[in-house]
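Participant: Mind looking over this structure? Questions follow.
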Amino acid sequence: MQKLIIKGRNELNGKISISGSKNATLPILAACILSSNTKLQNIPLVKDIFTMIELLEFIGLKIKIIKKKNTLIIFNKKNKINTLAPYKLVKTMRAGVLVLGSLLTKYGKAKVSLPGGCAIGTRPVDLHLLALKKLGAKIKIKDGYIIAKAKKGLKGSTIKFPSISVGATENALLAAFNAKGKTILKNCAIEPEIKDLISFLKKLGANIKIIGRTIYIHESFKKLEAYHKVMFDRIEAGTYMIASALVGKKVTIDRIDPKIIKTEINTLKKIGVNIKKNKSSITINRNKNLKQINILTKPYPGFPTDLQAQLMVLLTQAEGASKIQEDIFENRFMHVPELNRMGAKIEIKNKIAIIHGPTKLMGAEVMATDLRASVSLVLAGLIAENRTKINRIYHLDRGYESLEKKLKNCKAEIRRV
Ligand code: UD1
């Protein structure tokens, strides 16, 4: 099994270009079921995207991957396709459940495996199903599968989500694409990735408007072809911002839109990180005097749960006791015992982690548990003395494109064995 070995305390210096967003690409790929000919650019070539491609191919779409250009050309021209998303593909990547909305609205039926829990929490799909039922789908759960039918097509309706969910908002948007009449979705997630999905659906002719957390979808004439360039990965950008705040002499992070990551930039500034904003990049230099902060993870525009583990590593270097309250997932502090083994002083009280800093981190052999937890260990390895060996890095490969290459270009000592 592959491992990463990092020799810490090397200063980072140079430029890091941010890849396309994994979490925007996944729902947009599910939306390609709705079109017949799509060209997508700025696709991050990471494991989760290849799993989604495998799922779409299983369903019957034809996909050409142009790796050098991070481009996909996708055709859905068959009359008969497989409206099934099997367990073996959905279990490794929960976003597979997003094909449910597209299949149902276009073909009137879908059988999609329940994704089950994962390392960070139970992650149910009740909100996805609530929206589809409101749009007129008949849904049964049988043998671990969601069996959904809408023989006469879906019908627009008003849906108020009892709590905010990214995936449920996306599934509802996809399902509403071909629904008759008007659909109103209330209390939606409004993550930038959802706005990117909406911009793709609009290119396919959808009539969609967002006001606050309400999304209006009106029946409209559809097109069958679209071209789209996927937005940048704001979590990857945030991760390298934190790496630079930890060990950056001068690092420029480019191919981003700083306006989209205002919360992250302002949070790091409050901690004391030096950040200079440009139009499509930011430059960071390390400040050794970091201050404590208290923060909650929240849906966008709040601080993202996907950056919580990385921020925690930065806070081990800040003066005083910081608090992070994890409000989105119930089991997202799995990196804490590993960080403590490296010398951090972090206690957990229910949903709150208290980080006592500053502490010197020492390299150790550690174990990655999920995507964002594993990258937090990479960050800890960058600031730690001596060598850090990270096991189970397949988690990292699900979501970070060319991580070692990007860090090595900035003079980090990191290698895969
Ligand atoms: C997406 C992101 C993930 C991110 C998360 C929150 C993708 C592929 N993944 O995941 O990286 O961490 O948003 O920003 O974009 N919930 C329910 N019932 C449901 C659905 C969700 O109770 O039917 C709960 C979840 O358990 C969780 C909360 O709602 O506690 C938010 O989850 P959600 O926003 O749906 O996350 P995902 O879409 O799975």
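Participant: For the range 89-217, with all protein chains present and a 1.4 Å probe, just round the carbon and sulfur fraction of the accessible area to a whole percent.
Facilitator: Working: 2750 of 5120 Å².
On the range 89-217, the fraction of accessible area on carbon and sulfur atoms equals 54 percent.
Participant: Quick one: with all protein chains in place, what share of the accessible area of the range 236-375 is carbon or sulfur, to the nearest percent (1.4 Å probe)? Before the final figure, lay out the partial values.
Facilitator: Working: 2900 of 5660 Å².
Within the range 236-375, the accessible surface is 51 percent carbon and sulfur.
Participant: Test of understanding: what is the full-extension gain from K39 to K259, defined as 0.36 nm times their sequence separation minus their Cα-Cα distance?
Facilitator: Numbers: separation 220, 0.36 × 220 = 79.20 nm, distance 2.64 nm.
Length gained, K39 through K259: 76.6 nm.
Participant: Additional query: Compute the angle between helix 47-59 and the longest alpha-carbon principal axis of the chain, please, reported from 0 to 90 degrees and rounded to the nearest 10.
Facilitator: 10 degrees
Participant: If you don't mind, another one. Mind running the shape call on the range 22-229? Use the C-alpha gyration tensor, a ≥ b ≥ c as the square roots of the eigenvalues: rounded below 1.5 for a/c, prolate if a/b tops b/c, oblate otherwise.
Facilitator: Numbers: a/c = 1.30, a/b = 1.13, b/c = 1.15.
It is rounded, given that a/c, with a ≥ b ≥ c, falls under 1.5.
Participant: Here's a follow-up. Which pairs break 18 Å Cα to Cα here: K270/K411; K134/K195; K270/K291?
Facilitator: Details: K270/K411 27 Å; K134/K195 22 Å; K270/K291 8 Å.
Among K270/K411; K134/K195; K270/K291, the Cα-Cα distance tops 18 Å for K270/K411; K134/K195.
Participant: Over the range 304-417, consider all pairs of different Cα atoms and compute the Kirkwood hydrodynamic radius from their mean reciprocal separation; express it in Å, one decimal. Please list the in-between numbers first.
Facilitator: Working: mean 1/r = 0.0704 Å⁻¹.
One over the average 1/r among Cα pairs gives 14.2 Å for the range 304-417.
Participant: For A85, what residues show an amide H to amide H distance below 5 Å, using hydrogens built from the backbone and excluding near sequence neighbours?
Facilitator: For A85, the qualifying residues are K111, V112, S113.
Participant: Next question. From largest to smallest, what semi-axes in whole angstrom does the range 174-213 give when each is the square root of 5 times an eigenvalue of its alpha carbon gyration tensor? Intermediate values should be presented prior to the final figure.
Facilitator: Numbers: eigenvalues 50, 37, 13 Å².
Over the Cα atoms of the range 174-213, the ellipsoid semi-axes are 16, 14, 8 Å.
Participant: Using the crude model of +1 on Lys and Arg Cβ and -1 on Asp and Glu Cβ, and no other charge, please compute the dipole size for the chain relative to its Cα centre, in debye to 20.
Facilitator: Using Cβ point charges on Lys, Arg, Asp and Glu, the chain gives about 1160 debye.
Participant: Which listed residue (Q310, T369, P299) has the Cα farthest towards the positive end of the charge dipole for the range 283-417, taking +1 on Lys and Arg C-beta and -1 on Asp and Glu C-beta about the Cα centre?
Facilitator: The listed residue farthest towards the positive side: Q310.
Participant: On to the next question. Taking a point 7 angstrom from the Cα of K249 along the C-beta vector, which residues in the range 264-298 have backbone N less than 14 Å away?
Facilitator: What the label zone holds, given the 14 Å backbone N cut-off, is 285-286.
Participant: Oh, and also: On alpha-carbon atoms, Rg over Rh for the chain using Kirkwood Rh?
Facilitator: Details: Rg = 21.5 Å, Rh = 22.0 Å.
Rg/Rh: 0.98.
Participant: Oh, and also: Of the GluC sites (Glu not before Pro) in the range 243-331, which ones lie in a loop per DSSP and count no more than 14 other C-beta atoms within 10 Å? Present the calculation step by step, with values, prior to reporting the outcome.
Facilitator: Details: sites: E264, E319, E326, E330; in loops: E326, E330.
Filter output for the range 243-331: E330.
Participant: So, one more: Just to check I understand the Karplus step: with θ = phi - 60° and J = 6.51 cos²θ - 1.76 cosθ + 1.60, what whole-Hz values come out for the range 128-144, glycine and proline as x?
Facilitator: Those phi angles translate into 4, 5, 4, 5, 5, 5, 4, 8, x, 6, 9, 10, 10, 10, 9, 6, x Hz.
Participant: Sketch the reach of a paramagnetic label on E11 as a point 7 Å from Cα along Cα-to-Cβ, and name the residues of the range 355-399 whose backbone nitrogen lies under 12 Å away.
Facilitator: none
Participant: Using Cα pairs under 8 angstrom and six or more residues apart, how large is the relative contact order of the chain, in percent? Please report the intermediate quantities before stating the final value.
Facilitator: On the way: 975 pairs, mean separation 89.7, N = 417.
Relative contact order of the chain: 22 percent.
Participant: Scan the range 221-266 for chymotrypsin sites (Phe, Trp or Tyr not before Pro) in coil per DSSP, keeping those whose Cβ has at most 16 other Cβ atoms within 10 Å, and list them by number. Each step should come with its number before you reach the end.
Facilitator: On the way: sites: F221, Y227, F232, Y240; in loops: F221.
Loop-located and lightly packed - F221.
Participant: Would you mind getting me the FRET efficiency between N386 and F75? Use the beta-carbon distance for r and R0 = 51 Å, nearest 0.05. Can you show the working numbers first?
Facilitator: Details: r = 52 Å, r/R0 = 1.01.
With a Förster radius of 51 Å, E is 0.50.
Participant: Give me the 1.4 Å probe accessible area per residue for the chain, excluding ligands and nucleic acids, in Å².
Facilitator: Working: 17440 Å² over 417 residues.
For the chain, the solvent-accessible area averages 42 Å² per residue.
Participant: Would you mind counting up the charge near L100? Only other residues with Cβ under 11 Å from its Cβ, with Lys and Arg at +1 and Asp and Glu at -1. Don't skip to the end; give the middle numbers.
Facilitator: Details: positive: K109, K111; negative: E170.
Neighbour charge sum, excluding L100 itself: +1.
Participant: Convex hull over the Cα atoms of the range 119-258, averaged projected area in nm²? List each step's numbers first, then the result.
Facilitator: Details: hull surface 45.2 nm².
Result: a mean projected hull area of 11.3 nm².
Participant: Which of the aspartates and glutamates could a cross-linker bridge to K389, judged by Cα under 18 Å and excluding same-chain residues fewer than eight apart?
Facilitator: Straight-line reach from K389, under 18 Å: E338, E365, D370, D397, E404, E413.
Participant: Taking Cα atoms, how many degrees apart are the long axis of helix 166-176 and the longest axis of the chain, rounded to 10 and kept between 0 and 90?
Facilitator: The angle comes out near 20 degrees.
Participant: Now for a different question. Within straight cross-link reach of K88, meaning Cα distance under 18 Å, which lysines are found once same-chain residues fewer than 8 apart are removed?
Facilitator: K47, K111, K142
Participant: At q = 0.12, 0.22, 0.28 Å⁻¹, what log₁₀ I(q)/I(0) does the range 160-227 have when each alpha carbon counts as one equal point scatterer in the Debye sum?
Facilitator: -0.26, -0.89, -1.38
Participant: Show the residues, 5+ positions off or on another chain, whose built amide H is closer than 5 Å to the amide H of Y145.
Facilitator: Result for Y145 returns L114.
Participant: Which cross-chain or sequence-distant (5 or more) residues have an amide H under 5 Å from the amide H of K229, H modelled 1.01 Å from N in plane?
Facilitator: Q41
Participant: For the range 10-91, take the alpha-carbon Rg, divide it by the Kirkwood Rh, and send me Rg/Rh. Walk me through the numbers on the way to the answer.
Facilitator: Values: Rg = 14.8 Å, Rh = 13.8 Å.
Looking at the range 10-91, the ratio lands at 1.07.
Participant: While we're here: Please list, in order along the range 223-231, the HN-Hα scalar couplings obtained from phi with the Karplus expression 6.51 cos²θ - 1.76 cosθ + 1.60 (θ = phi - 60°), rounded to whole Hz, x for Gly and Pro.
Facilitator: 9, 10, 10, 7, 10, 8, 9, 6, 5
Participant: I've got another one for you. Could you give the size of the charge dipole of the range 248-307 about its Cα centre, using +1 on the Cβ of each K and R and -1 on the Cβ of each D and E, expressed in debye and rounded to the nearest 20? Don't skip to the answer; put the middle values down first.
Facilitator: On the way: 14 positive and 4 negative charges, 72 e Å.
The calculated dipole for the range 248-307 is roughly 340 debye.
The values are calculated or read from the model by the stated rules, or taken from the named source; none is laboratory data. In this text, all values refer to a predicted model and were calculated from it rather than measured experimentally. Reconstructed Cβ throughout: ideal geometry from the backbone, glycine too, with neighbour counts over all protein chains shown. Each accessible area value is taken on the protein alone, full model and side chains, heavy atoms only, with ligands, DNA and RNA left out. Shrake-Rupley method; radii C 1.70, N 1.55, O 1.52, S 1.80 Å.
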